[in-house]
Each structure stands twice: as structure tokens, then as C-alpha cells.
């Protein structure tokens, strides 16, 4: 009897793990598809040899930000603007390229933000685009437990804007 209970429990857990993996994979697939599409678009414009990672940024316009190495071995960021399905026919896809050395590192962006504002808990730091300006978005919880966003330029850390939501 004890063996039956253990066997059924193991089968139940295995099925639960399998279903969980399937649901995760199914929900992550559209994200991977959008990242792959952004890489394909970037390959048409930029000559790069390796992709290190892809991050998503959603502001007034959405971007996939690709961290890559170009054909000369230089570290680059590529901002690929996402377009609506209806807009895909247009020939104007906004792609911006900057070398890592042209701007701040993530740690430098964090240091600038911490010198200007009080950060209780840092949630994320990601590259984005406001208008035609590459930016760092610092997502954090402040000392009053408000979810906040702090934007500085990628080039030199100039303050752009700051949002705080009530807790």
C-alpha cells in the first residue's frame, strides 16, 4: 500500500512538472519570436558576429535591445524598434547602434542614480530609448516603498525624467 502511494505521488509530481514546463514554454515562445525577429532585422543593417543577449524595453515606443559583438570585435548595443503588425510593410524600421564605449556601463548608471535618489531595493536596470535618445531605465523601490523609474542618458548620465507610483 505504501509503495502505491509513493508511486502515485511520484507520477502526480512528474505530471505537474511537465504541465508547468509546457505552460512556461508556451508563454515564453512569443517573447523568443520577437527577439528572433529583432535579431533578423538587425542583421540586415548591422554586421555583427555574436549576440550576447536581448532585452525588451517598453516606453512610448517598444524596443528590443541587443547586446552584441560586431565584425570588428567591438561590443555594441543595437536598439530595434518594434512595429505593429500593420506597420510591418513600411521600409522605415528604426535601428540605432552604439558601441559600449560610447556610453555608461550599467554599474555607472546605478552609481549615478544612487547619488541622485534614495534606492531601497534595485529591481532592474535596462537600456531603452526615449525619442531618439538612448537611455538607462533604473527600476527601483524607494525608501517610502514606492515603485519608481529613473531615466538617464546612455551617453553621459544626464537626468531625463523620474516616475514614482503610490504604494
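What follows draws every value from the coordinates through simple rules; no lab data is involved. What you see is a predicted model, and the numbers here were worked out from it, not measured in a lab. Cβ: placed from backbone, ideal geometry, glycine included. Neighbour counts: every protein chain shown.
At-a-glance table
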quantity: Given (1) in a loop (DSSP other than H, G, I, E, B); (2) within 28 Å of residue 94 (Cβ to Cβ), number of the condition residue 125 does not satisfy; calculated: (1)
quantity: Selected residue [surrounded by 10 or more Cβ atoms within 10 Å (Cβ to Cβ) and touching a strand residue (DSSP E or B) at 6+ places or on another chain (Cβ under 8 Å)] from 56, 21; calculated: 56
quantity: Candidates 69, 78, filtered to the one that is touching a residue at least 24 places away in the same chain (Cβ under 8 Å) and either under 19 Å from the mean Cα position of the chain (by Cα) or closer than 22 Å to residue 35 by Cα (or both); calculated: 78
quantity: Candidate set from the stretch 140-157 (those that are part of a loop (DSSP other than H, G, I, E, B) and in contact with a helix residue (DSSP H, G or I) (Cβ under 9 Å, 6 or more places away or on another chain)); member that is farthest from residue 100 (Cα to Cα); calculated: 157
